[in-house]
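Quick notes on the structure that follows.
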Amino acid sequence: MRQNLTNLVIVIGLLLLVTACFWRSEKSPTVNTPAAAPTVEGQPSNFIADQDNGDFKVDHGSPRSARFAEIDRQIRSAKLLEKAADKLNAALILPRDVTLRTSECGRVNAFYTPKDPSVTVCFELMDHFYKVFRSAGESSAEAYDQMFNAVRFVFLHEVGHALIDLYTLPITGNEEDAADRCSAYINIEYLGKDGVDAVLAAAKAFEIDSKRSGTDRLDLADEHLLQEQRFYNSLCMLYGSDTAKYQSLVTDRTLPPERAGRCQAEYSRSKSSWTSLLEPYRRK
Ligand SMILES: [Zn+2]
C-alpha cells in the first residue's frame, strides 16, 4: 500500500513536470532543475481539423521579486501576450485553450506544459536576456528592446511544442530543433520586421551566451542544440528566406559561406514542412 502511494506520488509528480523547454539545463549547483518528462507520444489525436474548440488565452503572472517589476510592466504595456494571442487565434484553430503566461519560476527557462496546455516564459529568462544584452555593451533601453524581441522568438518556440502536442504532428528528429525552426518560420513568414528582429535577437542571445558560459558535458548531452548551433541555424533560416536581402550576413562572414550555400534549400524545406503540417489547422 505504502509502495503504491509512493508510486502514485511519483507519477503525479512526473505529470506536473514540464515537458519541453527553451533553455538548456542550468549549471548552477544551487538550482535543482527537474529532468524533463517525456512528451505524451504515440497517442492518437481525437482532434478533427474542422473543430475549433479552443483559443490562445493570456495570463500575466505578477512577479514577487521587485527586480522583475519593470519587465512585467513593459510586457503588459506593450500588450506582448495579447498581440501574440490575437495573431495566433486569427490564424489557427485549436482543440483546447492554450494559455500564454508570464511567471516567476525560480529558474531561467521557458516551457510548454501539456496538462492544462500552457506556454510559460519565466521572468528569470527575460531578465537573463536583458543581462546578456547589457553584457554585450548595449544601453538599458536597447537591452530591453532586444530582450522583448528574443522573448517573441521564445514564445513561438514554445507554441511550436504546443502545436506538435495538440495536433499530434509527426515530427522526426529533435523536437527542440523543430520548435526552433517553427518559431523562425512563423516569425519570418508572418510577422514582418518584428519577426526578423525576433530571430536576430535570439541568434544574438545564443551567441553571447555561448561565449559567456562555454560548453561542457551537460550541454553536449542536452536535448537542445548547442547555443552556437542555434545561433548559426537561426541566421541560416533568415539568410535562406531571402538571400539577396540578407547577403550582408555572408559578406561580413557572420554566416560562413560553406553553410550559407545550403541555407536557401534548408529554409525552403523547413517552410514547406511547417506549411504542410499546419495546413489542416489553418483558419479558413
Ligand atoms: Zn523547447
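Scanning segment 182-210 for residues that are surrounded by 13 or more Cβ atoms within 10 Å (Cβ to Cβ) and among the basic types (K, R) yields a single hit, K204. At least 2 residues being modelled with pLDDT of 95 or more and away from the ligand (no atom under 16 Å from the Cβ) is the threshold, and among the strands (runs of 3 or more DSSP E) wholly inside segment 27-116 those reaching it are 56-60, 98-103. For segment 188-221, a tally of residues being farther than 21 Å from M126 by Cα and not in a helix (DSSP H, G or I) returns 2. The C-beta contact set for segment 155-172 (first residue touching a residue at least 40 places away in the same chain (Cβ under 8 Å), second residue more than 12 Å from the ligand (Cβ to nearest atom) and in a helix (DSSP H, G or I), distance under 6 angstrom, 6+ apart or interchain) comprises F155/A84; L156/I186; Y167/Y281; L169/L277.
In segment 174-189, the residues that are free of Cβ contacts under 8 Å to residues at least 60 places away in the same chain and farther than 11 Å from M237 by Cα reach residues that are outside any helix (DSSP H, G or I) and within 15 Å of the ligand (Cβ to nearest atom) with C-beta atoms within less than 8 angstrom, at least six apart or across chains, in these pairs: N174/E223; N174/L225; D177/L225; A178/I171.
The values are calculated or read from the model by the stated rules, or taken from the named source; none is laboratory data. All of these numbers come straight from a predicted model, not from anything done at the bench. Please note: Cβ atoms are built from the backbone with ideal geometry, for glycine as well, and neighbour counts cover all protein chains shown.
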